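> One structure coming up, written as structure tokens, with questions to follow.
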Amino acid sequence: MIEAGAAIVDITPTPGLSMSGFAARSLPAKGAHDALTARAVAVGDTAVVVADVIGIEAGMSARIRERCTLPAGNVVVAALHNHGGPVSMAGRLSLAADPAYLERLEDACVAAIDKAAAARRPARITAGQGSDPGIARNRRHPGGPVDASLPLLRVRGEDGAMIAVLTAYACHPVVLGADNLLWTADYPHFVRQTLEEASPGAVALFMTGCVGDANTGHSAHASITLAANPDRTYEAAARIGRKVAEAALAASEQSVSDTVTARNGTVVLGFRRRETDLPEILERRWREEALTAEPARKNLLGYWADWARDIAPAEPGPLAGRVTVLDWGGVPIVALPGEIFAETALSIRAALGPGRPAFVIGFADDNPGYIPPAGEFRHGGYEVDEAHRYYGLAATFAPGSAEALAACAIELANGS
């Protein structure tokens, strides 16, 4: 029989720290709407931990895996990628991170894994596939692809008590906009709340899928404003979160085997510049435009100008992307770094087999930015042409990077 355990550790910052996720937002958090957490589920000698932050960079992820009680190769350290959390990656997303908070975040992830491992007891897992909640939209192409999969795992002890409920969905946690100044896990908070209300005493774990081109329907540029939007409220987040959870809970249950495995791979990712003008020309242009720009646009232009001065002149070296596939009784958890697009996730799902409950998630073990499929480069746009500046990268990931990650994941899932 499988042994499983789960744990939650609070990581809610105090008010006053900078918030991460929107270039337009310059004010610090003034309070909390809901508690931010690090949540872990351990199955056998493997585990997944998800922290309610925008990203965890590779160095911290590696330290968390090495420090915890489980084998480092058997652990996935993922971020929820909510845009209502603190700065969680040094040198990325433009704002300075608080060193004390980074230390607290790392310690909390280690503690969550260790507590989940210590709480392991004989358990059985059932898997199912929820119905499409109809929430996610392709924000780059109207009617374009989305990964509508909604897997659900239920983990019960021998006594029948629910230990954990796990689901994943591919919709950017950006229901709340740049005008929000409260700590929040966005709509996933309400997903988890609904799942836990259905199974009192259980830990709900929500994993964010491949959301690089998916949200509730607005463009990425629609977030470059501080104006309130009646469609981007806590009421909307609650409605969306409950709808996702209810669709997941409708999943049927099928028992899984007692086999638990973990496989890892590394993909070396290269870069390619999209800008054709010299950095000094770009800096001058953006600083001049900022003189007359409205406040939110002025903030963005300031980040870009600093990027042109400090980062763009460097020649980017390759980045090693970690890919992990955990197999929990025949249910794969495919963990990819960064902001992955629906097309990549769907290609992995096709290779795994249609209709199979599977988790294909992003923001795992690193969040270096958007990694678009090769076919997206001709369309340009924020995710292709601009986001690398906000992430502190000298250039965009090169075409073929997403395909290389997918090929590695498929190979690992097939047992290679």
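> Starting from region 332-358, keep only residues that are on the phi < 0 side of the Ramachandran plot and of a type in the set (Phe, Trp, Tyr), then list their pairs with residues that are assigned to a strand (DSSP E or B) and open to solvent by less than 10 Å² (accessible area, probe 1.4 Å) whose Cβ atoms are within a distance under 7 Å, requiring at least 6 positions of separation or different chains.
That search, which allows pairs on different chains as well, returns nothing.
> Any residue in region 46-58 that is out of contact with any helix residue (DSSP H, G or I) (no Cβ under 6 Å at 6 or more places or on another chain) and over 24 Å from Ser18 (Cβ atoms)?
yes
> Report the residue count in region 158-202 for those that are open to solvent by 10 Å² or more (accessible area, probe 1.4 Å), charged (D, E, K, R) and not in a helix (DSSP H, G or I).
Matching residues across region 158-202 total 3.
> Search region 129-157 for residues being of a type in the set (Lys, Arg) and within 19 Å of Ser199 (Cβ to Cβ), and hand back the single one that is surrounded by the fewest Cβ atoms within 10 Å (Cβ to Cβ). If you could, list the steps in order and put the result at the bottom.
Keep residues of region 129-157 that are of a type in the set (Lys, Arg), which gives 137, 139-140, 154, 156.
Subset that is within 19 Å of Ser199 (Cβ to Cβ): 154, 156.
Working: Arg154: 22, Arg156: 20.
Residue satisfying both the conditions and the ranking: Arg156.
> Can I ask one more? Please specify each residue of region 46-82 satisfying the condition of being assigned to a loop (DSSP other than H, G, I, E, B) and either crowded, with 24+ Cβ neighbours inside 10 Å or in contact with a strand residue (DSSP E or B) (Cβ under 7 Å, 6 or more places away or on another chain) (or both). Spell out how you get there, then give the answer.
Filtering region 46-82 down to residues assigned to a loop (DSSP other than H, G, I, E, B) leaves 52-57, 68-71, 80-82.
Scanning region 46-82 gives Asp52, Val53, Ile54, Gly55, Ile56, Cys68, Leu70, Leu80, His81, Asn82.
> Go through Asp366, Asp306, Asp327 for me and flag whichever is more than 21 Å from Ala262 (Cα to Cα) and either surrounded by 18 or more Cβ atoms within 10 Å (Cβ to Cβ) or touching a residue at least 40 places away in the same chain (Cβ under 8 Å) (or both). Can you show your working first?
Values: Asp366 fails: more than 21 Å from Ala262 (Cα to Cα); Asp327 fails: more than 21 Å from Ala262 (Cα to Cα).
Testing whether each residue is more than 21 Å from Ala262 (Cα to Cα) and either surrounded by 18 or more Cβ atoms within 10 Å (Cβ to Cβ) or touching a residue at least 40 places away in the same chain (Cβ under 8 Å) (or both) leaves just Asp306.
> Let me ask something else. Mind checking which residues of region 347-365 are modelled with pLDDT of 95 or more and over 15 Å from Val325 (Cα atoms)?
Of everything in region 347-365, those that are modelled with pLDDT of 95 or more and over 15 Å from Val325 (Cα atoms) turn out to be Ser347, Ala350.
> Here is a check on your reading of the model: is Pro86 open to solvent by 10 Å² or more (accessible area, probe 1.4 Å) and in contact with a strand residue (DSSP E or B) (Cβ under 9 Å, 6 or more places away or on another chain)?
Details: open to solvent by 10 Å² or more (accessible area, probe 1.4 Å): no; in contact with a strand residue (DSSP E or B) (Cβ under 9 Å, 6 or more places away or on another chain): yes.
In short, no.
The values are calculated or read from the model by the stated rules, or taken from the named source; none is laboratory data. Computed from a predicted model, the values in this text were never measured in an experiment. Every residue, glycine as well, gets a Cβ built from its backbone with ideal geometry; the counts of neighbours run over all protein chains shown. For accessibility, only protein heavy atoms count, side chains too; no ligands or nucleic acids. Shrake-Rupley method; radii C 1.70, N 1.55, O 1.52, S 1.80 Å.
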